[in-house]
Amino acid sequence: MGTEESSIESGVSETLTITDNRTGKSYEVPITDETIRAIDLRQIKVNPDDFGMMTYDPAYTNTASCRSAITYIDGDKGILQHRGYPIEALCEHSSYLEVAYLLVFGELPTTPQLERWVWDVTHHTFVHEDIKAMLEGFRYDAHPMGMLVSAVGAMSTFYPDAKMIEDPEERYMAAIRMIAKMPTLAAFSYRHSLGLPYIYPDNDLSYAGNFLNMLRKMTEVKFEPDPRLERALDVLFILHADHEQNCSTSAVRSVGSSQVDPYSAVAAGVAALYGPLHGGANEQVLRMLRRIETVDNIPDFLNGVKAREEKLMGFGHRVYKNYDPRARIIKKHVDEVLDAVGLDNPLVEIATELEKRALDDEFFTSRKLYPNVDFYSGLIYEALGIPAAMFTVIFAIPRTSGWISQWLEMTDDSEQKIARPRQIYTGDRDLDYVPIEDRNGPEKIAGPPARRPVKSRRGA
Ligand code: SDX
């Protein structure tokens, strides 16, 4: 039974009554899907010509920005589902390209639908030679994520018709091209950082196998990926495909709300993912484990974290206040991949002991800080022979299907329009202009002024 019927049955109205104690007035605000519309608060005023009440929610910690049917997360229970299918089942039975189809179209494909989808992706893996030339212009030590941001943005200039964002064929081709070309751009960026020739896609290989080919092929005539590594990488791609309104996805939606082409919107997502608190965390986890060096150093390291000297990278999450289900699945694959490559990585022992100690420490458990998707993924990438600077790029590859599916959903949502939040102004007002000759007080030295903390209240 829906909530509407139940409330009518029980006579309870789905509303919130708000009393403004400044005026004694009460307001009835409708509740829909356990939310109230922020705009319904604007009627709350002291004086008739007031602007009216807003909500204040820095970093949107408690604000729903959209309605979406793509990914469901229950942070307390550690649940993650894509279009209703549990992530555990998708990792067990599906493939990354099938999950990408599911995200984009909302249902699992039939055999002919999947065959057509895989054929289209496979036959759009090449990038224009001018994009390749653009990548060759980067410094030898350019970070691959910086190269990827630029390359994805540049794609908007090679497919100008993508500006027709309502055109069904353009929308389909944008999805195909971005899903298909992201591994190529990522691999080109990696080969560039090593000063190696770029390797072109091999259409005989799977999506993950071809990526390994473009990363690793040297003088052999035909690259043959290890099927165990191919499968592990495909599962990692599934695990990183989408994660509802995370930082990079909300960047794609916000930029896309201006009706820019999807390539430019996704380039904004790549830029957001570059940040160490988001996609860049997997690279930081490896660096952190290396700095800890031995299990014996873990207590001192954790004391430093508790003294706020640094964060325990790969731990914590805005939504998961339980174990990130993706971390649990990745952890299972770490040993399999290490066996496959015959590696015995000492960092695994440090990571395992670090997790154990943290989950036994009130500082972390009281803040509900558990391993997230980034805590173990770097260990697998390293076992696959992928350098730390490439970890976030590998996150960007599968997240492309999430970004494009969220962009498609946003453009179809009649409630959405250009994103333009409000603010609480804390700055000065109505100052008199001061001629430059009167500004050189003793405290006015050359260079930028010291950073000013944002005032918590106006005039404070
Ligand atoms: C991803 O959103 C997504 O879905 C993201 C993602 C996806 O798939 O798209 O899941 C991928 O980005 C995973 C997260 C990767 N980032 C990291 O591992 C970096 C380390 N983690 C933190 O920076 C942090 O946990 C965040 C950014 C992930 C979440 O931060 P929140 O929700 O803003 O939480 P918070 O900063 O308000 O922290 C609450 C408390 C604070 O302590 P108090 O000031 O209240 O005493 O927990 C502390 C924080 O200082 N805290 C940590 C910590 N994370 C939070 N303390 C130590 N180590 C940490 N990792």
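Summary of computed values
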{"item": "Test: residue in segment 274-286 that is modelled with pLDDT of 95 or more, assigned to a helix (DSSP H, G or I) and surrounded by fewer than 22 Cβ atoms within 10 Å (Cβ to Cβ)", "result": "no"}
{"item": "Residue list for segment 211-226, filter: of a type in the set (K, R) and touching a residue at least 40 places away in the same chain (Cβ under 8 Å)", "result": "R216"}
{"item": "Residue, farthest from A389 (Cα to Cα), within segment 288-309, restricted to residues that are within 12 Å of the ligand (Cβ to nearest atom) and in contact (Cβ under 8 Å) with a residue 12 or more places away in the chain", "result": "K306"}
{"item": "Criterion violated by E107 - all others in (1) closer than 24 Å to H243 by Cβ; (2) exposed (fewer than 15 other Cβ atoms within 10 Å of the Cβ); (3) touching a helix residue (DSSP H, G or I) at 6+ places or on another chain (Cβ under 6 Å) satisfied", "result": "(3)"}
{"item": "Residues satisfying the stated conditions in segment 310-323, i.e. of a type outside the set (D, E, K, R) and either near the ligand (Cβ under 10 Å from one of its atoms) or modelled with pLDDT of 95 or more (or both)", "result": "L312, M313, G314, F315, G316, H317, V319, Y320"}
{"item": "R326 being on the phi > 0 side of the Ramachandran plot, near the ligand (Cβ under 8 Å from one of its atoms) and of a type outside the set (S, T, N, Q)", "result": "no"}
{"item": "Which listed residue is over 14 Å from the mean Cα position of the chain (by Cα) and either within 12 Å of the ligand (Cβ to nearest atom) or over 26 Å from L369 (Cα atoms) (or both), from A268, A340, A251, A281", "result": "A340"}
{"item": "Condition met for T122 (without any contact (Cβ under 8 Å) to a residue 24 or more places away in the chain and either surrounded by fewer than 21 Cβ atoms within 10 Å (Cβ to Cβ) or within 25 Å of D204 (Cβ to Cβ) (or both))", "result": "no"}
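The values are calculated or read from the model by the stated rules, or taken from the named source; none is laboratory data. For clarity, every value in this text was computed on a predicted model and none was experimentally measured. Cβ: placed from backbone, ideal geometry, glycine included. Neighbour counts: every protein chain shown.
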